[in-house]
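For reference, the structure is listed below as structure tokens.
The values are calculated or read from the model by the stated rules, or taken from the named source; none is laboratory data. Since we're looking at a predicted model, the values are computed, not measured. Cβ coordinates were reconstructed from backbone atoms using ideal geometry, including for glycine residues, and neighbour counts include every protein chain displayed. Ligands, DNA and RNA are stripped out before the accessible areas are found, and what is left, the full protein with its side chains, is counted by its heavy atoms. Shrake-Rupley method; radii C 1.70, N 1.55, O 1.52, S 1.80 Å.
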Amino acid sequence: MNGVNTSIRDILYEEPGKKARRRIAIGTVISLLLLVVLVLMMIRRFYDSGQLDSKYWIFFTKSTTWKFLGKGLLGTVEVAFASGALAFLMGLFMMLGRISSFAVARIISRILIEFSRGVPTLLFIYFFFLAAPQFGLKLPAFWKISIPVALSAAGMVAEVLRSGVNAVPKGQTEAALSLGMRKNSVFFKIIFPQALRYVVPSMISELVIVLKDTTFAYVVNYADLMQNSRVLISNYDALLSVYLVAAVIYILINYILNQISVAITKHRNVAS
Amino acid sequence: MSIYELLTQFGDKYLAALLTTWKLTAISFTLAFVIGIVITIMRISPIKPIRFVGDLYVQIFRNIPGAALLIILVYAFPYLNFVWSYYACVLIATSLLPASFCSEYLMAGMNTIGAGQIEAARSIGMTFFQTIKNVVLPQALRSSVLPMTNLLVATMLTTALASQVPLKPTDLTGIVSYINTRTVGGVTAFMISAFLYCATAVIIGQIGSLIDRKVRILR
């Protein structure tokens with residue numbers, strides 16, 4: 001479902017002839033039937049186990065339910081933006097170190113990037129949840145989830161930014177230097193703004209990863225979409241329906257973000 | 001606690017945890033790879049409903065948070081009379097999620113194959129499946145070594161989900177909370193796990209770029 005992907009699909013086979021068209025038609029009918037059977041079997045499962053009972057779904061017609069879920073979603077979005085902004089700042093510094101002319105800065109940044117990319121988010125969360133309080137670092141739940149999520153995204157952000165910087169043609173640096181600009185102002189006034197433009201789609205994909213990682217907020221008891229879903233579950237004694245709805249909300253948000261990223265890439269490919 | 005104390009007291013536990021993480025990673029990655037190939041073939045098939053199911057799979061599993069999927073598998077599915085062990089639930093989650101990314105990488109790899117090659121294969125009379133098997137997949141696989149290396153590391157990071165359910169032996173993330181509930185493990189307990197994760201990631205990365213240099217198609 002991605003602009004680049006459709007192209008390979010369309011060249012794989014030529015315009016089908018009479019015979020192939022018939023075969024495709026037969027295949028379409030058979031696979032459609034199978035699909036319908038599969039969906040019916042799934043509905044049957046729900047029905048047989050009593051999960052289609054109206055008591056599991058009726059509260060979704062109440063506005064309070066959606067208000068509560070919306071509040072949780074707001075918590076999720078807040079954490080995602082805080083982590084995203086933090087990850088961007090940390091990633092920026094790591095990237096600057098990585099391309100710096102000082103060997104020490106390069107090595108340190110390299111280690112930090114590998115560390116950030118090689119350690120699972122959950123381990124970072126456990127660090128801020130279990131280890132940090134032991135030496136007196138007491139943070140509110142919001143930061144207990146935002147900082148670890150940001151830490152685990154920062155390394156990737158640094159690498160994405162670096163790929164953006166590398167994508168700016170070398171000639172521009174040379175031209176700017178030959179005009180007498182200083183190295184720093186060449187980077188910040190000419191290279192970096194363009195690099196930033198290049199990496200916008202990848203940054204949006206990175207935001208999706210951050211958003212997905214924020215679901216671990218339940219570990220630190222922060223009221224995000226997942227945590228509020230749990231409260232709903234205990235209020236209405238309806239586990240399956242609430243978790244499914246929450247999952248669909250997550251999938252839709254991330255899907256939209258990904259589509260925005262694809263749209264920007266496509267728009268650029270047309271423009272250039 | 002010092003690193004020495006931690007290792008004498010919990011050394012065997014760390015080793016078991018490392019092996020659990022490695023095992024989960026290996027199994028999940030293999031499954032993800034197989035599912036990813038199947039899904040990719042579905043996504044390029046000329047039959048629309050099959051294509052749709054492939055696309056739907058990718059959109060669902062690349063966008064659902066791992067924690068949400070695992071929670072649904074462990075706590076919600078029993079309501080539908082699907083009852084699986086914790087271990088099975090973790091494996092299902094850590095295989096289904098990377099499989100969608102695997103398919104995305106394979107699709108991207110395929111896009112590097114020119115239209116001319118496919119037209120050439122067709123004009124010498126290859127069927128669709130022959131073209132896929134002999135022309136498209138070998139090249140797509142070769143040019144996706146580096147993405148697959150990243151996928152393997154990502155799969156390893158995904159297996160940290162295992163710490164969210166009671167497993168015996170626990171994985172590298174679970175062991176940190178295990179130690180911290182028994183004694184003051186502090187930063188060291190965390191650092192040992194982090195180091196083992198990073199070391200694995202770096203080794204995988206090195207092997208990956210070695211293979212990539214061998215099989216990469218220079219265009």
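Output the number of the condition that B:LEU15 fails; it satisfies all remaining conditions of (1) crowded, with 20+ Cβ neighbours inside 10 Å; (2) away from chain A (no Cβ under 13 Å); (3) aliphatic (A, V, I, L, M).
(1)
If a residue has to be of a type in the set (Gly, Ala, Ser) and over 18 Å from A:VAL208 (Cβ atoms) to count, how many in the range A:117-152 make the cut?
Residues flagged as of a type in the set (Gly, Ala, Ser) and over 18 Å from A:VAL208 (Cβ atoms) within the range A:117-152 amount to 5.
Of all residues in the range A:150-167 being open to solvent by 10 Å² or more (accessible area, probe 1.4 Å) and without any contact (Cβ under 8 Å) to a residue 40 or more places away in the chain, which is nearest to the chain's Cα centre (by Cα)?
Ranking the candidates gives A:SER163 first.
Taking the criterion of being within 12 Å of chain B (Cβ to nearest Cβ) and either touching a residue at least 12 places away in the same chain (Cβ under 8 Å) or under 30 Å from B:PRO78 (Cα atoms) (or both), would at least one residue in the range A:11-23 satisfy it?
No: the range A:11-23 contains no residue that is within 12 Å of chain B (Cβ to nearest Cβ) and either touching a residue at least 12 places away in the same chain (Cβ under 8 Å) or under 30 Å from B:PRO78 (Cα atoms) (or both).
Determine whether the range A:205-219 contains at least one residue that is outside any helix (DSSP H, G or I) and either at pLDDT below 90 or in contact with a strand residue (DSSP E or B) (Cβ under 9 Å, 6 or more places away or on another chain) (or both).
no
Which numbered condition in (1) under 22 Å from the mean Cα position of the chain (by Cα); (2) facing another protein chain (nearest Cβ under 7 Å); (3) open to solvent by less than 40 Å² (accessible area, probe 1.4 Å) is the only one that B:ALA76 fails?
(1)
With the structure loaded, tell me whether A:SER146 is within 21 Å of the chain's Cα centre (by Cα), surrounded by 15 or more Cβ atoms within 10 Å (Cβ to Cβ) and within 22 Å of B:ILE192 (Cβ to Cβ) or whether it fails that test.
It is false that A:SER146 is within 21 Å of the chain's Cα centre (by Cα), surrounded by 15 or more Cβ atoms within 10 Å (Cβ to Cβ) and within 22 Å of B:ILE192 (Cβ to Cβ).
Wholly within the range B:140-219, which helices (runs of 4 or more DSSP H) include no fewer than the required count, namely at least 1 residues that are open to solvent by 10 Å² or more (accessible area, probe 1.4 Å) and at pLDDT 90 or above?
The qualifying helices (runs of 4 or more DSSP H) are B:145-158, B:186-215.
Residue under question is A:GLY171, and the condition is that it be over 23 Å from the mean Cα position of the chain (by Cα), farther than 30 Å from B:THR159 by Cβ and either open to solvent by less than 60 Å² (accessible area, probe 1.4 Å) or outside the structural domain of A:PRO140 (by TED's automatic domain parsing) (or both); does it hold?
yes
Out of curiosity, is A:TYR56 open to solvent by less than 90 Å² (accessible area, probe 1.4 Å) and within 14 Å of chain B (Cβ to nearest Cβ)?
So A:TYR56 passes the test.
Open to solvent by 30 Å² or more (accessible area, probe 1.4 Å) and under 30 Å from B:ARG182 (Cα atoms): which single residue out of B:ILE27, B:ILE50, B:ILE71, B:ILE3 fits that description?
None of the others qualify; the one that does is B:ILE3.
Please specify each residue of the range A:206-243 satisfying the condition of being under 19 Å from the mean Cα position of the chain (by Cα) and aliphatic (A, V, I, L, M).
Residues satisfying the conditions are A:LEU207, A:VAL208, A:ILE209, A:VAL210, A:LEU211, A:ALA217, A:LEU225, A:MET226.
Which of the residues spanning the range B:53-73 are more than 16 Å from the chain's Cα centre (by Cα) and over 16 Å from B:ILE35 (Cα atoms)?
B:ALA68, B:ILE71, B:ILE72, B:LEU73
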